[in-house]
Structure formats: structure tokens, C-alpha cells
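The values are calculated or read from the model by the stated rules, or taken from the named source; none is laboratory data. Values in this document were obtained by computation on a predicted structure and should not be read as measured data. Note: ideal-geometry Cβ built from the backbone for every residue, glycine included; neighbour counts use all protein chains shown. Areas reflect the complete protein model, heavy atoms only, side chains present, ligands, DNA and RNA absent. Shrake-Rupley method; radii C 1.70, N 1.55, O 1.52, S 1.80 Å.
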Amino acid sequence: MKLYYFSNACSMGIHLLLHEIGTPFAIETVDFTQAAQYQPTFMAMNPKSKVPLLQRDDGGFVSEFPAIAYYIARANPAARLLPNSLEGEVKALELLDYMVATMHMRGFTRIFRPNYFTNHEAQYEEVKQAGVEIVRKGFALLEPVLGAQEFMLGDFSIVEGALFFLEHWSRFRAQIAMPANFEAHLDRLLARPAARKTLAAEGIAEGLA
Ligand SMILES: N[C@@H](CCC(=O)N[C@@H](CS)C(=O)NCC(=O)O)C(=O)O
């Protein structure tokens, strides 16, 4: 498998999951600073111009974070990245969709790319603040779901892939305080070898110390 990623983008959550399954994979950076996501070479693989993008061993591509995470889990059942029940799988997908479609796309995208939401630079701060509120509301809604558990569904699962980038961004990029159980959850993730390998490979110092 091959992961197309950009350092510190949401693709770091898929990168983490690939390290968790422990089988060899390749990575290739899509250099956003050179707008590589809009170049014909990348758009031939993903016309949506987004990372993460996973190339499977059969050459096919999977895009969209929840679909990639689900594919990785189902293709590697020994890694136990999904609960072994319909109820558990549905819960995982429900959480992933909220984290990606709402907390990332509606929240953090406003904070990091306010220009996607307004043409007026004077409104950037207002847009960013709206993003911060969406992220805060997200963590507040999820706080009782995590509760005192070690991981979101009890055992480590694909949901941790999305939480990895959301929590890392909150603490290190956006300085948004999270509920105490999510701060502790990020500390647990950062202690995992897979997280350390991901951060090192992407050249991210924050959280590696
Ligand atoms: N819905 C997509 C969103 C992916 C996404 O927005 N990725 C960002 C990086 S965090 C991206 O590739 N942005 C490129 C751009 O906006 O030009 C998913 O779930 O994978």
C-alpha cells in the first residue's frame, strides 16, 4: 500500500493506522507548498485534490478518511482496528463521520483556511472563531462518549486515527484546550510507537519530545 500525504495534514491519522497494522507500506508527500494536489499527476489519481489518498496493493485508490480507515481495518483483520460486531462498526463509522465532516471540515478548515469561507480578509477572524466554536462543541459532545475509557470504543480502533489529528491540531496548531479526558487520550496516543513513527516520518517535532 502507498499513502499520499502532506506533513501535519489529516493524512497523519491514516499514517498512524498504517503503522498500527505493522505491515510495510510506502509514503509519498503531496507538496501543498507547491500546490502539488492540483497538478495533473496527482489529480489523475484523485481529482478531488485531497489527501489522504491510499493506493491499494492491487493498484486501486481509496479516498476520504472514513473509507480509507474502514478499508485498512477490513483488509487487515488481525490488527483488530474495528469492533467485531455490526453495532460496533456502526458506532465507529458514526464517530468518524462526525469527526471528519463536522470537526475537521466545518471546524478546523475554517481555522486553517478561512479563505475557503469568505472572500473578505476582514472576516477571517470571525470565520476562524466560528471554527473554534465548532471544534469546542465537538469535543464537548464527545467527552461523555470517551468518558473514563482508554480509547473511544474501549479498545484502540480506527476512530483513534481521526482523533490523532484532531487532538494534535487542537493542542499544537490551534491551541484549543480540550476536555481533560481528551488531553489524556492524546498523551496515550503520543506514547504509542505508531504515533512516534508517524510524527518522525512526517518531520513533526510537536508531541515527539
Ligand atoms: N473529506 C476529505 C477531506 C480531506 C481534506 O480536506 N484534506 C486536506 C488536508 S487536511 C487537503 O487535502 N486539502 C488540500 C486543499 O484544500 O487544497 C477526507 O475525509 O479525506
Q) Do you know which of the residues in region 179-194 that are of a type in the set (A, V, I, L, M) and more than 19 Å from Leu95 (Cβ to Cβ) is surrounded by the most Cβ atoms within 10 Å (Cβ to Cβ)? A) Ala194
Q: Starting from region 107-122, keep only residues that are assigned by TED's automatic domain parsing to the domain that holds Val135 and within 18 Å of Ala162 (Cα to Cα), then list their pairs with residues that are polar (S, T, N, Q) and surrounded by 20 or more Cβ atoms within 10 Å (Cβ to Cβ) whose Cβ atoms are within a distance under 9 Å, requiring at least 6 positions of separation or different chains.
A: Phe108/Ser170
Q. Has region 57-80 got at least one residue that is basic (Lys, Arg) and closer than 23 Å to Phe139 by Cβ?
A. no
Q: Identify, by number, the condition in (1) open to solvent by 20 Å² or more (accessible area, probe 1.4 Å); (2) within 14 Å of the ligand (Cβ to nearest atom) that Gly131 doesn't meet.
A: (1)
Q: Would you please name the residue that is nearest to the ligand (Cβ to nearest atom), looking only at residues in region 84-110 that are more than 19 Å from the chain's Cα centre (by Cα) and not hydrophobic (A, V, I, L, M, F, W, C)?
A: Gly88
**Q.** Answer residue from region 30-41, given it is closer than 21 Å to Phe165 by Cβ and among the hydrophobic types (A, V, I, L, M, F, W, C) and is most open to solvent (accessible area, probe 1.4 Å) among those
**A.** Phe32
Q. Which one is farthest from the ligand (Cβ to nearest atom) among residues in region 111-122 that are exposed (fewer than 13 other Cβ atoms within 10 Å of the Cβ) and assigned to a helix (DSSP H, G or I)?
A. Ala122
Q: Report yes if some residue within region 162-178 is part of a helix (DSSP H, G or I), loosely packed, with under 13 Cβ neighbours inside 10 Å and over 15 Å from the mean Cα position of the chain (by Cα); otherwise report no.
A: no
Q: Please state which of the following conditions Ile68 fails to meet, knowing it meets all the rest: (1) more than 16 Å from the ligand (Cβ to nearest atom); (2) open to solvent by less than 10 Å² (accessible area, probe 1.4 Å).
A: (1)
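Residue by residue, here is whether (1) more than 22 Å from Leu189 (Cα to Cα); (2) open to solvent by 50 Å² or more (accessible area, probe 1.4 Å) holds:
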site	(1), (2)
Ser7	no, no
Glu28	yes, yes
Met43	yes, yes
Ser85	yes, yes
Met99	no, no
Thr109	yes, no
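Does region 145-160 contain at least one residue that is assigned to a helix (DSSP H, G or I) and surrounded by fewer than 17 Cβ atoms within 10 Å (Cβ to Cβ)?
yes
May I ask you to list the residues in region 55-65 that are open to solvent by 60 Å² or more (accessible area, probe 1.4 Å) and near the ligand (Cβ under 10 Å from one of its atoms)?
Of region 55-65, the ones open to solvent by 60 Å² or more (accessible area, probe 1.4 Å) are 56-58, 61, 64.
Correct list: Glu64 only.
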